[in-house]
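Engineer: Okay, here's the structure, questions in a sec.
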Amino acid sequence: ASDGGAAAAVAAGAYADAYGAGGQQVSVLQQLQALQASIQQLEYSTRQAATQAGAYIGEVISWESAKGFGFVSCPEAKAHFGKDVFIHKKFCSELPAQNDVVMFTIELNEAKQPQARSAKKCSDLTQQRAYYKMMVAQHG
């Protein structure tokens, strides 16, 4: 019975996404705008949590799986350190992939370059951004 309830909830959510509360068909543009607003709210709350924890939020812009390292783009860190942040697998709670959003602290190495520490994925934000990019690609 719970599977049927879950399926009904998904179907109801899909209907609400397509037709809105009043049964009027919602345009793709309206769906994208709503999704973008949702992402902005999630980004804001995630950044607030990071700030309170003395951490940063950034997006993995490159990841070398075989080598276990990559780089994170973070506007705040780039403004402060002048470069992207190096990230290594030994400082990640789970392995990131390119385009993942991560929360992390920074330590400087001996050459005074920023290194991510205590990195953890922000899965909800990563998934919402990926869904938005897919919707934009499908509907231009």
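Engineer: Pull up the cross-link candidates among the aspartates and glutamates for Lys121, meaning alpha carbon to alpha carbon under 12 Å and not fewer than 8 places away within one chain.
Structural biologist: Glu59, Glu94, Asp100
Engineer: Taking each pair of distinct Cα atoms in the range 28-138 once, what is the resulting Kirkwood hydrodynamic radius in Å?
Structural biologist: Here the Kirkwood hydrodynamic radius works out to 14.5 Å.
Engineer: Same structure again: What residues have an amide H closer than 5 Å to that of Asp100, excluding those fewer than 5 places away on the same chain, when H is modeled at 1.01 Å from N in the peptide plane?
Structural biologist: Correct list: Val60.
Engineer: Which percent of the accessible area of the range 28-138 is formed by carbon and sulfur heavy atoms (probe 1.4 angstrom)?
Structural biologist: Exposed carbon and sulfur together represent 51 percent of the surface.
Engineer: Given Ala53, Val85, Val102, which one lies farthest toward the positive end of the charge dipole of the range 28-138, if we put +1 on the Cβ of every Lys and Arg and -1 on the Cβ of every Asp and Glu?
Structural biologist: So the residue we want is Val85.
Engineer: Going from the alpha-carbon gyration tensor of the range 76-140, what semi-axes, largest first and in whole Å, does one get by taking the root of 5 times each eigenvalue?
Structural biologist: Here the semi-axes work out to 27, 14, 8 Å.
Engineer: Treat every Asp and Glu Cβ in the range 28-138 as -1 and every Lys and Arg Cβ as +1, leave all other atoms uncharged, and give the resulting dipole magnitude about the Cα centre to the nearest 20 debye.
Structural biologist: Magnitude of the dipole: close to 120 debye.
Engineer: Same structure again: What residues of the range 99-125 lie in the reach of a label at Gln52, counting those whose backbone N is under 20 Å from a point 7 Å from the Cα along Cα→Cβ?
Structural biologist: Inside the label zone: 102-106, 118-125.
Engineer: Can you work out the Karplus-derived ³J(HN,Hα) for every residue in the range 87-92? Use 6.51 cos²θ - 1.76 cosθ + 1.60 with θ = phi - 60°, whole Hz, and x for glycine or proline.
Structural biologist: So the J values, rounded to whole Hz, are 10, 10, 4, 5, 10, 10.
Engineer: Suppose the chain between Val28 and Ile61 were pulled fully straight at 0.36 nm per residue; how much longer would it get relative to their current alpha carbon spacing?
Structural biologist: Using 0.36 nm per residue and subtracting the Cα-Cα distance, I get 9.1 nm.
The values are calculated or read from the model by the stated rules, or taken from the named source; none is laboratory data. Not measured: the values here are computed from a predicted model. Here the Cβ is made from the backbone with ideal geometry for all residues, glycine too, and neighbour counts use every protein chain on show. In case anyone asks, the SASA skips ligands and DNA or RNA and just uses the protein heavy atoms, side chains included. Shrake-Rupley method; radii C 1.70, N 1.55, O 1.52, S 1.80 Å.
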